[in-house]
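Okay, so here's the structure we're looking at.
The values are calculated or read from the model by the stated rules, or taken from the named source; none is laboratory data. What you see is a predicted model; the values in this text were computed from it and never measured. Glycine also receives a Cβ, built like all others from the backbone with ideal geometry; neighbour counts cover every protein chain displayed. Areas reflect the complete protein model, heavy atoms only, side chains present, ligands, DNA and RNA absent. Shrake-Rupley method; radii C 1.70, N 1.55, O 1.52, S 1.80 Å.
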Amino acid sequence: MRWRLLAELALSDRQVRELTALAGQPQNLVSYHLGKLRAGGLVVMRRSSADRRDAYYSIDLPRCRELLAGAGAALHPGLRLVPPPPGPVGVRASVLFLCTGNSARSQIAEALTRARSGRRVQACSAGSHPKPLHPNAVRVMREAGLDLGRQQSKHLSVFAADTFDHVITLCDKVREVCPEFPGHPGYVHWSIADPAASGKSDDQTYPLFRQLVAELETRIGYLLAGLATRPGPGTS
């Protein structure tokens, strides 16, 4: 049961009721096992920014990797996990990142995906209620060696007729209004808090933008690792 829950959360952040439906088990049983996974540090929970009464669960993939590597090494030296060789994604893919304002989270995700994939992944971003690019987003990405200065916020309707391999919502609010895109892409949700939501000054919220970049670096790294396993043209 716990393995099934981890497998579902490896694909997308989920609410309890979604996990209950996917697992086909009573909610109290699902909640019990989620509690055990949280206690083990494999799963984290945060309140939805769209409805504070609900919550999203997500898997801590670096923690899972650490524990799997430790278990393998303890059992037999031949079971040590070997990290994949560094390098860009071997196949071309397209990803659309969505959040409410398209002013920070989705813009940063777009830029990181392009850069970390060696531009093999076509990354775009948009928002349900676009607003100007946040200055902290530009500042924090400049530290990462990427320039967002020329990026423009866009409404998600701009891409309504475009086909993507994956559509990833980074905001609980936009997930509820995300339209259907052509080609039935893989829909994934990353429940990530808005670093500017507190209304504090830019200097006060800047550490949250750094945390945002760190989380997106991790998530995008695993996203690209998954894309790298897809067969390329001419393979079977």
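Miscellaneous remarks
- Listed residues Gly41, Gly78, Gly145, most fluctuating in the chain (Gaussian network, C-alpha, under 10 Å): Gly78
- Oblate is the label for the range 1-122. Its Cα gyration tensor axes, ordered a ≥ b ≥ c, give a/c of at least 1.5 and b/c at or above a/b.
- Charged side chains reduced to their Cβ positions (Lys and Arg at +1, Asp and Glu at -1) give the chain a dipole of some 300 debye around its Cα centre.
- Kirkwood hydrodynamic radius computed over the chain comes to 19.0 Å, based on all pairs of distinct alpha carbons.
- Entry note, the range 110-192: relative contact order of 24 percent, from Cα contacts under 8 Å with a spacing of 6+ residues.
- With contacts taken as Cα pairs under 8 Å at a separation of at least 6 residues, the chain carries a relative contact order of 18 percent.
- The range 61-166, relative contact order [Cα under 8 Å, separation at least 6], %: 26 percent
- When DSSP beta bridges are restricted to pairs lying wholly in the chain, around 25% turn out antiparallel.
- With q set to 0.18 Å⁻¹, the log10 of I(q)/I(0) for the range 115-164, from the Debye formula over equal scatterers at the Cα positions, is -0.72.
- By accessible area, using a 1.4 Å probe on protein heavy atoms only, the range 15-61 has 50% of its surface on carbon and sulfur.
- GNM on the chain, alpha-carbon springs under 10 angstrom: the most fluctuating residue among Arg219, Arg105, Arg52 is Arg52.
- Expressed as a whole percent, the accessible surface of the range 127-201 that belongs to carbon and sulfur atoms is 52, based on a 1.4 Å probe.
- Disulfide-incompatible cysteines by the Cβ rule (no partner under 4.7 Å) in the chain: Cys64, Cys124, Cys178
- Excluding ligands, DNA and RNA, the accessible surface per residue across the range 1-82 is 61 Å² with a 1.4 Å probe.
- In sequence order, calculated HN-Hα J values of the range 155-163 (Karplus, 6.51, -1.76, 1.60; Hz; x Gly/Pro): 7, 4, 5, 4, 9, 4, 9, 8, 9
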